[in-house]
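Taking it in order: structure first as structure tokens, then the write-up.
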Amino acid sequence: MQLTARTPAKSLDRVYALQPATREQIERFKTSYLKLLPLINEKESEENVKDHLMDFLKEVYYRDAHVVAPKGKTDFVIHLGKDATTQAGVLFEVKRPANKGEMITRQNLNVKAFHELLLYYFQERQRSQNSDIRHCVITNVFEWFIFDAALIDRLFYRNAHLTKEYKAWATGQKVSKNNDLFYNEIVKPFLAELTDEIPFTYFDIRDYQKIVADADKVNDKALLSLYKILSPTHLLKLPTATDSNRLNPKFYSELLHLIGLEEVKEGGKKVIRRKEAGKRDEGSLLENTLIELDSSGKFYQLHDRSQYGATTDEQLFSVALELCITWVNRILFLKLLESQLVKYHSGNKDYTFLNRETIPDFDELNKLFFRVLARKPSERQASIQTKFGRVPYLNSSLFETTELENDSIGVNQLDNGLTLPILRNSVLSDNPAYKNTKEVSTLAYLFAFLDAYDFASESREEIQEKNRTLINASVLGLIFEKINGYKDGSFYTPGFITEYMCRETIRKAVVQKFNDAKGWDCKDFADLENKDLDRAEANTLINEVRICDPAVGSGHFLVSALNELIAVKSDLGILQDATGKRIKDYTVSILNDELIVQDEDETPFQYVLGATGKPTAERQRVQKTLFHEKQSIIENCLFGVDINPNSVKICRLRLWIELLKNAYYTDESGFTELETLPNIDINIKQGNSLLSKFSLTEDLSDVFKKQKFSLRTYKDAVTAYKEVKTKDAKSELQRFINEIKSQFRETVSNRDPKRKKLADLRGQRVLLNNNIDIFGNPIKDPKLVAAEISRTDKYIEQIETEIANIENNALYRGSFEWRFEFPEVLNDKGDFVGFNAIIGNPPYGDLFSVKEKEYIKNSYKTYQYKFDAYIYFSELGLKIASDKGILCYIAPELWLNLETTQKLRDYIANNAFLATVNVWGENVFEDAVVNTATFLCQKSVTNEYFEITYRQNSWKIQLSEWKLNINKKIEYRIPPIIYSLIQKIEQNSFRLSEYGEVIQGITPYDSYRGHSKETIKNRVFHSNQFIDDTSGKWLDGKHIERYVQKWGGEWLRYGEWLAAPREKRFFEGNRILFREIPGVNKRIQACAVKEVYYHGHSISPFKPFEIHTSKIPFIIGCSNSKLISFYGQKTLPNFGKDIFPKLNPSDIKQIPIVKADNQEQEEISDIVNKILTAKAIDSTADTSALEAEIDSLVYGLYGLTDEEIAIVEGKSVF
């Protein structure tokens, strides 16, 4: 055998390895460790060693949630739960330190300790039927060997020969049942012949003694892997990956309180609104802002207030909310910056500035925004620089006054005297400074609230000195995405899906880019990895990959795309610094949708300034490279559009935050100033992606011929804008870019036939005004000319009105002109060439005005009686994708086979190659009852098939066959081989509803039917004894099994007093009872009864029509067969669910009963009657052999092949 010892650090799950431990956890570990070692006497018994070890594990990790105790002959186990009835999750074999002969080593496992461990494992699997074992451990307290139970299972328990030998020994078929025979004559020879690799975790706790005993905590970080390797998270394999894009409810609810908002459920979805009257707090940011907007009159002076809502109240709220989001955006960005600065300077609190001492009021906050962050240190006032000297200048437009601030109010105009009540379950309840405080000033509350969370530990392996919850950039982004979508409810895409979508899409786009540029034929990314790449050229090509999210929201997809592109460069070995030197001693990867940079020891990279106030040269090089790689990708590769101006702000903020994570101190400043941020806002634009005035094929050559507005000038202006450092230069470039786009609009508009007609009419008007010859005589009769002038003026006025209506059409006010808004996707001739990748989660539902619907009808080929936004975003995505460009969306799975989405399927089939469909199913989005699917398609390429993944099964569909299908429905629930099997079953059968009736069980109690709470609580119609002639036996679902019912002794008084008694005939006479909840392996549970039984919804009765009563044994035999359960799992809506499957009456009616002649029916009926007879004598009788006979007959009646039978029985992987 090949033995591979791994360190704890190499053995941990990568996500868990990066999660911080608290100081409290590490101190508890150290205390117990120091108590344990002196207790260990190398010569004492194994029992004593075992006891000390169990005490140690309980004290540090397991006391509150898991039993740690001996079990049978196993030295001890860690149970999966709080009591010993739960299964054992970890098995321990313990040796005393002096027993070296029986203890394994890193070089030899073939000794008694390992033999014993294997025996424990086999016994646990066989006797306890335990398939939940996670790890197996051998230790002498000092040395630890940890084996993954999955490995033990695969190499040993799944070995047919070894398992057969164990069973023979365990059942007394060997010469002795002595353990030594199993160890020496079965296991030992087996291990001696084993050639497989056996990896395990090894460590000696004595190696950590010096660190543990040291009073100085500076080296405690070295204990993190040791602490985690023995934790429940690792040993019991508890879930570790919290979704990077998952809401933190406590942070979210308190932030809403600070702003002045609340979340409520309306119409099945959660929406955000202003707090109800009576609950509002004047000190909240929103109420304070509303008061000032109203009282100052600034709100009423705003031009075009209609863009903020239909009513004055809506407009006032929207304006106030947009201002609040702007201010809170800045504050959260600054909190991240502050945390970063403290981190860079090894925890030096002198770099904090967001606190009530430094920022006591809104006036000082305004200074921070515009006199500190918006100015270089050299341009700041002396007093400002003295106070905020450590706060860097970042050149971010986040700290420029917005247009709305200029037109209304700034944060400095808020009332400093107002206070805000502290939320009842506030995070500040643990803060001694606020223990007895009920109200506090808004800013003091906000700063203390933010300080209670950790904004600095993202992707860092460390010890938290305070137990604070991590709030990362993804969480902040989705919080604001929810606030922005306050009217409709907002659903954010889970991180694992954005990671998957970006990986699949971007790697395909990169491969396509290289194939096009180099003339290669790489089939996938692995082929590209094998190519000998010129690093400079490869970087240039990747930086030319254009990626767009046309409904960008909070920017989650673009952030995932940014990380993926950097990971791609690392995987290709082309990630390099400015001098061309490779970043080769680090791995860059995506983990839990986050970018992770680790050295060769898997230690996360951290940028810190040392005692000299400088980073090491290598840290500076890596940090600088990561910053400029991100900058280059954001500037060149990432583009986004959103109709919501607040979403645009959030997206820009998210991208700035990603840059901030790798901000570095510049060499030229003596490491006192951070590198400034580029102006990335120009790549993220506001507009209605679905509405455009101008076609993508519109000719702009007339504009580009003008020297001032040439294509080169336009592209250079946009590039210069991203790099410019001063406000004046930035404003000038913005003005010039707007002028160029204005020229585009004017040039295209002038081609309008109406404008040409208007020009002709104006020319005629001029001629009519000059109705005299060179001698001053009228050319035409003045009266006729006057009449003609009048007619011409009317025509001119009419056409001018029509043009003005078009120009002023509110429909186009927010339209987005893809034709020229992004010069990066125009070729050298100025033609629109499109994006290499379109990716995102487009909005769902009818979100359109009447005029917008009319536009969609006339402009989108996918229109088909339905205004669901994702349909039109799908068509748009393919339109704006480049030749061979890739589209990847997540959308409702309904589009795959809904009648009203046929035109979308047609459009995709005619304009792209559908490559993959991945159906994610239920509960992907929190609080959203929608089943979703991701789909990826590519323009201008083709293939023989596309792949479907559903419930972790994948299969291929012939593309040509799909395209020939008239409605092009995509059957995603069932693979083709099973689909043909289902058709075979249905073609040879009748539905059960043709043989009789099925209803729902009784509803005994219901408050809506007049039953009191006491009646319902005390179940007054139920009893444990016979009362009178109305009494009948009561069954619950748990009393029904295949072919047998086991009455539990309860009675029900049946009559009109019940809430819904149903017809009595369904509860007497010959019938079949179907249990609602399926049995093991989702098997249907049905039995036949004759006597009176009452039951609730957990049982559904099937009452055959009188002519079919004799068929009950045949019907129950078919219904209880493996084949019908298989059919139900694949096709019945409720029974087929992954989560909480149920067999409802509607499902039961659809059960297919095979067409069979009398002899075939009797053959099955005879076996069923034998089963019923056996169960009547002993309800626990083993009838599995008889049931297998029925299964075989049923397979034959339906005409199944051996291959199809193997599929039904789970013996074949399709």
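Every number in this text was worked out from the coordinates using simple rules, so none of it is lab data. Just so you know, these numbers come straight off a predicted model, no measurement behind them. Here Cβ is always computed from backbone atoms with ideal geometry, including for glycine, and neighbour counts include all displayed protein chains.
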Segment A150-N425, length gained on full extension (0.36 nm per residue, minus Cα span) = 94.7 nm
remark   = Expected unfolding gain across E27-E439 under the 0.36 nm per residue rule, minus the alpha-carbon gap, is 144.8 nm
ask   = Where does each of 594-605, 140-151, 522-533, 833-844 land if you order them by average Cβ count within 10 Å, highest first?
value = 833-844, 140-151, 594-605, 522-533
ask   = Could you name the lysines in cross-link range of K112, using Cα to Cα under 18 Å and dropping any fewer than eight places away on the same chain?
value = K50, K73, K95, K100, K177, K188
task = Specify whether the C-alpha gyration tensor of the range 500-554 places it in the rounded, prolate or oblate class, a ≥ b ≥ c being the square roots of the eigenvalues: rounded for a/c under 1.5, otherwise prolate if a/b is larger than b/c and oblate if not.
result = prolate
key: Loop trypsin sites (Lys or Arg not before Pro), the range 216-316 (other Cβ atoms within 10 Å of the site Cβ: 13 or fewer; DSSP)   = K279
message = Give me the one-decimal nm value for the distance between modelled label points at E947 and K705, 7 Å along each residue's Cα-to-Cβ direction.
response = 5.1 nm
task = Starting from the Cα of N406, step 7 Å along the direction of its Cβ; do the same at T85; then give the gap between the two resulting points in nm.
result = 7.1 nm
inquiry  = Which entries of K58/K335; K82/K167; K1064/K1149; K237/K1211; K705/K884; K349/K661 have Cα-Cα distances beyond 27 Å here?
reply    = K58/K335; K82/K167; K237/K1211; K705/K884
task = Under 30 Å Cα to Cα from K794, which lysines show up? Leave out anything in the same chain fewer than 8 places away.
result = K693, K754, K756, K757, K780, K783, K851
key: the range 1117-1214: GluC sites (Glu not before Pro) in DSSP coil with no more than 16 other Cβ atoms inside 10 Å   = E1209
task = May I have the convex hull volume per residue, in Å³, for the Cα set of the range 989-1208?
result = 131 Å³
ask   = Which of rounded, prolate, oblate describes the chain, given a ≥ b ≥ c as roots of the alpha-carbon gyration tensor eigenvalues and a/c under 1.5 marking rounded, otherwise prolate only if a/b is larger than b/c?
value = oblate
query = What shape does the range 502-686 have by the C-alpha gyration tensor, where a ≥ b ≥ c are the square roots of the eigenvalues, rounded means a/c under 1.5, and otherwise prolate means a/b greater than b/c and oblate the rest?
reply = oblate
remark   = Taking 0.36 nm per residue of separation between E364 and V608 and subtracting their Cα-Cα distance, the length gained on full extension comes to 84.9 nm
task = Quickly work out the L894-to-K1017 label distance, labels modelled 7 Å from Cα along the C-beta direction, and quote it in nm with one decimal.
result = 4.2 nm
message = Run the reach check for K581 against lysines, Cα to Cα strictly under 21 Å, same-chain hits fewer than 8 apart removed. What comes back?
response = K531, K569, K624, K630
